[in-house]
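A.B. asks: Just passing along the structure, written as C-alpha cells.
The values are calculated or read from the model by the stated rules, or taken from the named source; none is laboratory data. Here the structure is a predicted model, which is why all the values come from computation and not from measurement. All Cβ positions, glycine included, derive from the backbone under ideal geometry; neighbour counts span all protein chains shown. The protein model used for the area step is the full one, side chains on, heavy atoms only, and it has no ligands, DNA or RNA in it. Shrake-Rupley method; radii C 1.70, N 1.55, O 1.52, S 1.80 Å.
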Amino acid sequence: MRRVYLDYNATTPVDPRVRDAMIPYLGEEYGNPSSLHWAGARARNDLEQARESIAAILGCESGEIYFTSGGTESSNMAIKGVVCQALKQRQAPVHVVASVVEHQAVLKTLAFLESSGLIRVTWIPVNAEGELDPGEFQSAVKDDTVLISAMFVNNETGNIFPVDAIGKLASERGIAFHTDAVQAVGKLPVNLKRLSVDLLSFSAHKFYGPKGAGVLYKRKGVPIVSLIHGGSQEGERRGGTQNMPGIIGCARALGCVTADLDGETARLEKLRAELEEGVLQQVPGARIRGSRQRRVCNTLNVGFDGVESESLLVALDREGIAVSSGPACASGAVEPSHVLMAMGLSPKQAKGSVRFSLGRGTSQHDIEYVLEKLPDIVKKLRSA
Amino acid sequence: MNSLSKKIVVAAMSGGVDSSVAALLLKQQGYEVIGISMKTHESMENEGCSAPSKTCCTVSDIMDARRVCQLLDVPFYAMNYVEAFHDKVVDYFGREYAAGRTPNPCVACNHHLKFDALLKHARQLGAYYLATGHYAQKIRDEQGMYRLLKSRDDHKDQTYFLYGLGQEQLEHTLFPIGHLTKDEVRDIARRAGLKTADKPESQEICFVPNNDYAGFIENHLPQYRGTPGDFVDEEGKVLGAHRGIHAYTVGQRRGLGVATGDRVYVSAILTEKNQVVLSSKESLLMKGFTTVENKWVNRERVADGMEIEVKVRHRVTASPAFLLLETPQKVRVQFKSPEGAVTPGQSAVFYCGDEVLGGGFIEAGYR
C-alpha cells in the first residue's frame, strides 16, 4: 500500500543530518556536562555550543535558552514558573489571560492552577475564522494580571496569531508574556530581537529533530521559579543531567530547517494551494477552517458536511493516508476539537474536520494521490 | 449504495478474551479484519476510583485490544462513542430509574451503539460484516431467513442482550465464538498467546463504579435523583423513609434500611406518590406481565398464543409461558406457573427452544 504522511504538525521524521549529529552522543561522547574532567568538559563545550547556535538563530542570548524535554514541559515551566514566582510576593490568587484555542499543554496547566485556587483565568475567544484580536487581551487585563499566554501558530488551523501586538501591550503593563511557539519555530522566521516576547516554548520534533527535546526561551530579567529541583543545571532552573543527544539534535535541526526555510515555505505553499483547490473543486460540501490570509504554509484544515472526521481518518488510513483531527485521548480515540468549537462550529461540525499538514517529505504525487482518493471516500462515508 | 466486501469484517474489540478470540478466528478463516474498540465513557480511574478494572472499555482495556490486534497483525482503531453512549445508554439509565423502572444498559448499548452506530462505521469502511464476541449463534433457515440461537455454552449465553437484532442486522453480523464454550475460548486464547487469555469477566455495568447505581445517579446524573419519601406496605401504611426512588428496583431486598421483623422486598415503585411499596416475597409472584417496544427477529416465526420460554432478566433460566399478542404494540406473557421479581423496565426475551423470537421491555406484572 502506498503511504502518504500528511501529519507534520503532529511530528516529523528526523533529518538524517540531525541523526548523524546525534550519533556520537549515543556512543563515544558520553560525558556528563556537569563533570569537571575531560569527558565532562567536552560535553559542556558541545552543550554550550548548541545553546549558542540556537540563540544565534533566534536572535537572543545563549543564557536565555533553557533545554527541556519538549514543548509541554517548556510551557509548564513558563506558566507555573511565572505564577509561582508571583505568588511568592502576594498571598491572593493572581490573574492570567490566555486564548481559548491554546494547546492542551497550556490549557491544562492553567486549568490545574485555577482548580488549585492559585489563579483566575480570563479566556480570550476567537472569531469564526479562528483569529485572535489583541484588543481583547487589552481589555481583559486586570491590576493583578501577572501573565498573558497566547500561542504563536495554532496547531489545528495553522492560523498565525498577532503575538507581537499582544506581547507589546503586555510589556507596556509589566505583564509577562508567554507564547507557545511549537508550531511556529521551523515554519516561520522567529526573531526575538524584533518580537516582544518574554517566554517562548518550542519542541525539536516538530522541525525534523528528535522527540524528547525542547527549549524554553526566557528573556533575561523575567523572574521564574524552578519546577524541577535537583542539580544546578540550566541556570538552576531545571535540575537533571541534560539530554545531550536530544539537545545536539535540536540545535542541528533548527540550523537545517532555518537554512531551508524560504525555499521550503514557497514549495509547501504551492502544494498546499494545490490540495486546497483540489479539495474544494472535487469534494462537494468541503469548507476551509481557519484564516486563509494569515496561516502557516503547511496546514490545511477542512470540514466535510455530514462526515465525521473520525470515520474519515480511519478510511484515509485504510488507503495509507495519515492525517489527523482534534486531540486524541489516552485510548487513541479522537475528541471533538475545542479549537473549532471556539470558532463557533457546532459539536457536529467540529467533529467533521480534518487537518492536512505538509512537510519536507510531501511531494506533488502525494497531493495527487490524496485528491484521487479523497472524493470517493467522502462520498462513500456519506452514503453508508 | 456502496459495494461492501464480504471479505472485510470489523471486529468489535472490548479488550476481553471473547472478542480477542473472535478476531483471531476470523483472521484464521481468511477474513480481512479491522479491529475497533468503542470508547464509551471517561475512565472512572480519573476520578480517584482505584477499584481493579473488571469492566470493559476502559483505557487499559482498549490498550489490551490494541495489543491483541498487533499480535494478529490486524489494523486497530479506538473510536469515540462517548457522546452517543451518554445519550443512548447513560442518560436512559438515569431516566428509567427516575421513572421507577429498572433499565438494562447493556441491551441499550447493543441496540444503539454496537448494532447501529458501529455497524454503520463498519459499512463506511466497506465491511459487509460486524463481528462481536457475544455467545450467540446465527443460522439461515430454509426460507433464507436468519435465526438467532442461544450459544452452545448455556451458562455464557448472551442472547438476552441481542433480542433486538432484526433480519437486516443479522445479515451483517457474525458471532465467531457462539459455537464455543468459555473454556474453549480461553484455551484458544492461551494457545495463541493472547494477553487477554486469563482476563477476568466483565459482569457489572461498565460505567458504574463498584456497582453503586444509586450513588452513580446521585453523583453523575443529579437531574434524575429522586427526593426522599416513604416506604409503605401494601395497605399504604408508612414503614420508614427512602432516599429517593432512583435508588430502588422491584425485587430488591438489600439496602432498604427498614426493620419490619419480616423479610421484605420492593414490590412496586409509585412514582406519582414518591412511594416505594414493600411486601413479602409471596406477593412478588406474578401470573404474567405485559411488554412494550417489542422487537422480533422474524415476525413470521411468532404466533398468538404460542408456547414459549421467557427470560425476565439475564442469568435466570427461562420460564415456560404463553405469548399473547394483544395489540401490534403490546404483548402479554402469561407464565405457566407464577414467577417472582418481574421488574418493569427490564427486558423480557422470548425463546422457542434455542431460538430467540424477540423481546420487549416489561411494562407491568399482574397477579
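A.B. asks: Among A:Y30, A:G231, B:S3, whose Cα lies farthest out toward the positive end of the dipole of the protein assembly as shown, if unit charges sit on the beta carbon of Lys, Arg (+1) and Asp, Glu (-1)?
C.D. replies: Among A:Y30, A:G231, B:S3, the one farthest towards the positive end of the dipole of the protein assembly as shown is A:Y30.
A.B. asks: Same structure again: Per-residue counts of other Cβ atoms within 10 Å, averaged by peptide: what ranking do you get for B:80-86, B:14-20, B:236-242, highest first?
C.D. replies: B:14-20, B:80-86, B:236-242
A.B. asks: When you look at the Cβ of every residue in B:77-86, what mean number of other chain Cβ atoms sits within 10 Å?
C.D. replies: 5
A.B. asks: Sequence-distant or interchain residues sharing an amide H contact under 5 Å with B:L194, placed H: which?
C.D. replies: Sorted by chain and number, the residues that satisfy this come to none at all.
A.B. asks: Still on this structure: With charges only on Cβ, +1 for K and R and -1 for D and E, what is the dipole size of region A:254-366 about its Cα centre, in debye, rounded to 20?
C.D. replies: It comes to approximately 340 debye.
A.B. asks: With the Cα gyration tensor of region B:304-367 giving a ≥ b ≥ c as the square roots of its eigenvalues, does the rule (a/c under 1.5 for rounded; else a/b larger than b/c for prolate; else oblate) give rounded, prolate or oblate?
C.D. replies: Rounded, since a/c falls under 1.5.
A.B. asks: For region A:305-346 and region A:348-384, what is the separation of their C-alpha centers, rounded to whole Å?
C.D. replies: So the two Cα centres are separated by 12 Å.
A.B. asks: Another question, then. Can you classify chain A as rounded, prolate or oblate using the Cα gyration tensor, where a ≥ b ≥ c are the square roots of its eigenvalues, rounded means a/c under 1.5, and otherwise it's prolate if a/b beats b/c and oblate if not?
C.D. replies: Oblate, since a/c reaches 1.5 and b/c is not below a/b.
A.B. asks: Among the GluC sites (Glu not before Pro) in region A:1-110, which ones are in a DSSP loop with at most 13 other Cβ atoms within 10 Å of the Cβ? Mind listing them?
C.D. replies: A:E28
A.B. asks: So what is the 222 nm mean residue ellipticity for chain B from helices alone, if each DSSP H run of at least 4 adds -39500 (n - 2.57) and you divide by all residues, rounding to the nearest 500 deg cm²/dmol?
C.D. replies: Taken over chain B, the calculation gives -5500 deg cm²/dmol.
A.B. asks: Just going by the charge dipole of the protein assembly as shown, with Lys and Arg at +1 and Asp and Glu at -1 on Cβ, which of A:I248, A:H103, B:H111 is farthest out on the positive end?
C.D. replies: Sorting the options by dipole projection puts first A:I248.
A.B. asks: Take each of the peptides B:161-171, A:153-163, average the number of other beta-carbon atoms within 10 Å over its residues, and list them starting from the highest.
C.D. replies: Per-residue Cβ counts within 10 Å, averaged per peptide and sorted highest first, yield A:153-163, B:161-171.
A.B. asks: Once the Cβ-Cβ distance between A:Q89 and B:K120 is put in as r, and R0 is 60 Å, what FRET efficiency do you end up with, to the nearest 0.05?
C.D. replies: Taking R0 as 60 Å, the efficiency between A:Q89 and B:K120 is 0.55.
A.B. asks: With both partners inside region B:226-276, how many of the DSSP beta bridges are antiparallel, as a percent to the nearest 5?
C.D. replies: If we restrict to bridges inside region B:226-276, about 75 percent are antiparallel.
A.B. asks: Here is a further query. Measure off 7 Å from each Cα along the Cα-to-Cβ vector at A:K168 and A:E274, then give the distance between these two points in nanometres to one decimal.
C.D. replies: 3.9 nm
A.B. asks: Contour minus end-to-end for A:K211 and A:A111, with contour as 0.36 nm per residue of separation and end-to-end as the Cα-Cα distance?
C.D. replies: Between A:K211 and A:A111, full extension yields an extra 33.4 nm.
A.B. asks: Still on this structure, please answer the following. To the nearest 20 Debye, how big is the dipole of region B:226-276 about its Cα centre, given +1 on the beta carbon of each Lys and Arg and -1 on that of each Asp and Glu?
C.D. replies: Its charge dipole is roughly 260 debye.
A.B. asks: Take every DSSP beta bridge with both residues inside chain B and express the antiparallel ones as a percent of the total, to the nearest 5.
C.D. replies: 70 percent
A.B. asks: Same structure, new question: Of B:S267, B:F322, B:A136, which is farthest along the charge dipole of the protein assembly as shown in the positive direction, counting Lys and Arg as +1 and Asp and Glu as -1 at C-beta?
C.D. replies: Most positive-ward Cα: B:A136.
A.B. asks: Continuing with the same structure: What does the charge add up to near B:V107, with Lys and Arg as +1, Asp and Glu as -1, over the other residues with Cβ less than 14 Å from its Cβ?
C.D. replies: +4
A.B. asks: So what is the relative contact order for chain B, in percent, with contacts set as C-alpha pairs under 8 Å and at least six apart?
C.D. replies: 16 percent
A.B. asks: If the only charges are +1 at each Lys and Arg Cβ and -1 at each Asp and Glu Cβ, what is the size of the charge dipole of chain B around the Cα centre, to the nearest 20 debye?
C.D. replies: 440 debye
A.B. asks: Just how far, in whole angstrom, is region B:91-159 from region A:46-74 if you go by their alpha carbon centroids?
C.D. replies: With region A:46-74 and region B:91-159 each reduced to a Cα centre, they are spaced 57 Å.
A.B. asks: If you don't mind, there's one more thing I want to ask. Tell me the trypsin sites (Lys or Arg not before Pro) within region A:196-250 that lie in a loop according to DSSP and have at most 12 other beta-carbon atoms within 10 Å.
C.D. replies: Filter output for region A:196-250: A:K220.
A.B. asks: As a test of the definition: with a 1.4 Å probe, what buried accessible area, both sides summed, do you compute for A against B, in Å² to the nearest 100?
C.D. replies: Summing both chains' loss of accessible area gives about 1800 Å².
A.B. asks: According to the square roots a ≥ b ≥ c of the eigenvalues of the Cα gyration tensor, what is the shape class of region B:207-289, taking rounded for a/c under 1.5, prolate for a/b larger than b/c otherwise, and oblate for the remainder?
C.D. replies: The shape class here is prolate.
A.B. asks: Hey, what's region B:226-276 come to in accessible area per residue, 1.4 Å probe, Å²?
C.D. replies: Accessible area per residue: 55 Å².
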